[in-house]
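**Q** Handing you this structure, nothing more for now.
The values are calculated or read from the model by the stated rules, or taken from the named source; none is laboratory data. These numbers come from a predicted model, not from an experiment. Note: ideal-geometry Cβ built from the backbone for every residue, glycine included; neighbour counts use all protein chains shown. Side chains included, ligands, DNA and RNA excluded: accessible areas come from the protein's heavy atoms. Shrake-Rupley method; radii C 1.70, N 1.55, O 1.52, S 1.80 Å.
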Amino acid sequence: MSTHHPGSPGTAYIDLAAVEGNVRVLREHAPGADLLAVVKADGYGHGLVPCARAAVRGGATWLGTAQLDEALALRDAGIQARILTWLHVPGADFAGALRRDIDLSVAATWDLDAVAAAARTTGRTARVHLKVDTGLGRNGAFGAGFTDLLARARALEAQEAIRVVGVWSHFAYADEPDHPTVRRQEEVFAAAVAEAERAGCRLEVRHLANSAATLTNPRAHYDLVRPGVAVYGLSPVPQLGDPAAYGLRPAMTLVARLALVKDLPAGQGISYGHAYHTDRATRVGLVPLGYADGIPRNATNVGPLSVGGRRLRIAGRVCMDQVLVDLGPDSDAREGDDVVLFGTGAGDTPTAQDWADATGTISYEIVTRLGPRVERVHRGFEEG
Ligand SMILES: *Cc1c(COP(=O)(O)O)cnc(C)c1O
């Protein structure tokens, strides 16, 4: 694995063939629907453009980002798939979005009116998805607010400023498919779709399913599914099944190299606050990744890693730039040796899910939080 850039403290290898394959598998889980690959947050930390291209190769006909800037970056890269973006604040460059043929979600009359104004400025008809809050209590129009949004949207359709092409929503408990709110949200969603159609909207896509619902809830597939984390090969429902149980392969492997190996006596405290003490004379290794690189500080004494095929743990407190590992008295590890923090799980190496379990979070956060000092190396496809 030693293709590291010498100056980089760590490398996230991204297997684009895994991303492509995961999208194929997700399409098989939702055979009646098109697939929108969510590539927000720099492709969940895996790299926006390379992952978007891999998803398209796997059969995604749509891409989605929370923020408009990432949607524009996809167009700048020459990607022609349909793109939806959904999280805006006043002042957003909706005219720029329309010029680049980007679909826009609206959740309130303020953004609907701003999109319509941009349509008049650009002379284009905006493709709009009405977001309904079916019970997540986050973005989207709630209750009578949706009826108001729909009425305003129909008026703007009559002026040909916009066209309502979608109605969509998002679950609160998709990762607990039997949770009573799931059925309730499905009902509210079905009612909102029916209301829009009765009002005269000719919808292209009704969409509700994230990764968890794509894998576990066919009732929610509708015309388009919107998986994110599963595209990158992580399980959205770890309590129900690991990635392999759903035919998914983790795409990211995080590797660093030992910067120092040294012997310490028994009873020596390690790192700030001496949160770890050697219980025997032993050899410790210094790993040049820390919380500035996305290693959670609460991985102190628990973060799993693998050196020379052996599963070990972080010893002592996670620092800004580095962590230590107790390699054991008989270790033959040397400076420059690879340290696998997480990856596919092959050969008993830890996974992002193991890191999530060790630090009390979800795998999503482990992969999206890697900092800019960690280089990304994309493999599994030759561009051009
Ligand atoms: C992030 C996001 C998704 C993807 O969710 P996953 O759980 O990663 O599959 C889908 N829809 C919306 C609105 C999102 O914000």
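**Q** Non-local amide H neighbours of Ala275 (under 5 Å, H modeled in plane, Pro and chain starts lacking H): which ones?
**A** Here Ile270, Arg317 satisfy the definition.
**Q** Hey, rough spin-label estimate for Arg120 and Ala144, points 7 angstrom out along Cα→Cβ, what's it come to in nanometres?
**A** 2.8 nm
**Q** Could you grab the relative contact order for the chain? Cα pairs under 8 Å, six or more apart, rounded to a whole percent. Kindly include the intermediate steps, with their values, before the conclusion.
**A** Working: 892 pairs, mean separation 69.5, N = 384.
That works out to 18 percent.
**Q** Applying 1/(1 + (r/R0)^6) with R0 = 25 Å to the Cβ-Cβ distance of Thr181 and Arg100, what FRET efficiency is obtained, to the nearest 0.05?
**A** Working: r = 36 Å, r/R0 = 1.45.
Once rounded, the FRET efficiency stands at 0.10.
**Q** Tell me which residues come under 5 Å, amide H to amide H, from Ile83 once H is placed; ignore anything under 5 positions away on its chain.
**A** Counting only residues 5 or more places away or on other chains, the set is Leu63, Asp103.
**Q** If you don't mind, there's one more thing I want to ask. Tell me the per residue accessible area of the stretch 300-371 using a 1.4 Å probe; a whole number in Å² is fine. Before the final figure, lay out the partial values.
**A** Numbers: 3020 Å² over 72 residues.
In whole numbers, the stretch 300-371 has 42 Å² accessible per residue.
**Q** What FRET efficiency comes out for Trp110 versus Asp357 if R0 is 56 angstrom and r is the Cβ-Cβ distance? Round to the nearest 0.05. It would help to have the intermediate numbers written out before the result.
**A** On the way: r = 41 Å, r/R0 = 0.73.
Between Trp110 and Asp357 the formula returns 0.85.
**Q** From a point 7 Å beyond the Cα of Tyr272 in the direction of its Cβ, which residues of the stretch 350-378 have a backbone N at a distance under 19 Å?
**A** Backbone N within reach: 359, 370-373.
**Q** Using a 1.4 Å probe on the protein heavy atoms, what percent of the accessible area of the chain belongs to carbon and sulfur?
**A** Working: 7850 of 15970 Å².
Carbon and sulfur atoms account for 49 percent of the accessible area of the chain.
**Q** Just need log10 I(q)/I(0) for the chain at q = 0.09, 0.13, 0.15 Å⁻¹, Debye formula, equal scatterers on the alpha-carbon atoms, no solvent, rounded to two decimals.
**A** -0.58, -1.02, -1.22
**Q** From the backbone phi of the stretch 112-119, what are the Karplus-calculated ³J(HN,Hα) couplings (6.51 cos²θ - 1.76 cosθ + 1.60, θ = phi - 60°) in whole Hz, Gly and Pro given as x?
**A** Computed from phi, the couplings for the stretch 112-119 are 4, 5, 5, 5, 5, 4, 5, 5 Hz.
**Q** Further, regarding this structure: At 222 nm, what helix-only mean residue ellipticity would the chain give, in deg cm²/dmol to the nearest 500, using -39500 (n - 2.57) for each DSSP H run of four or more? Intermediate results must be reported in sequence, preceding the final value.
**A** Numbers: 11 runs with 112 residues, N = 384.
That calculation yields -8500 deg cm²/dmol at 222 nm.
**Q** Taking H as built 1.01 Å from N, whose amide H comes closer than 5 Å to the amide H of Val38, not counting residues under 5 places away?
**A** Gly64, Gly228
**Q** Write down the accessible area per residue of the stretch 48-131 in Å², having rolled a 1.4 Å probe over the full set of protein chains.
**A** Numbers: 3080 Å² over 84 residues.
Per residue, the stretch 48-131 has 37 Å² of solvent-accessible surface.
**Q** Classify the stretch 32-232: rounded, prolate or oblate, from the alpha-carbon gyration tensor (a ≥ b ≥ c, eigenvalue square roots; a/c under 1.5 rounded; otherwise prolate if a/b is larger than b/c)? Don't jump to the answer; show the numbers that get you there.
**A** On the way: a/c = 1.78, a/b = 1.04, b/c = 1.72.
The shape class here is oblate.
**Q** Provide the per-residue ³J(HN,Hα) series for the stretch 94-105, in order, calculated from phi with Karplus coefficients 6.51, -1.76, 1.60 and θ = phi - 60°, each as a whole number of Hz, with x at glycine and proline positions.
**A** Coupling constants for the stretch 94-105: 5, 4, x, 4, 5, 4, 9, 6, 9, 6, 10, 7 Hz.
**Q** Please find the FRET efficiency linking Arg202 to Asp76, where r is the Cβ-Cβ separation and R0 is fixed at 35 Å, and quote it to the nearest 0.05. Could the numbers behind the result be given before it?
**A** On the way: r = 31 Å, r/R0 = 0.89.
Step by step, r from the Cβ atoms, then E = 0.65.
**Q** May I ask you to list the residues of the stretch 275-307 whose amide nitrogen lies under 11 Å from a point 7 Å from Cα along the Cα→beta-carbon direction of Glu335?
**A** none
**Q** Can you work out D for the stretch 314-373 in µm² s⁻¹ from Stokes-Einstein, where Rh is the Kirkwood radius over C-alpha pairs, the temperature is 25 °C and the viscosity is 0.890 mPa s? Show your work: numbers first, answer last.
**A** Numbers: Rh = 13.4 Å.
Estimated via Stokes-Einstein, D reaches 184 µm²/s.
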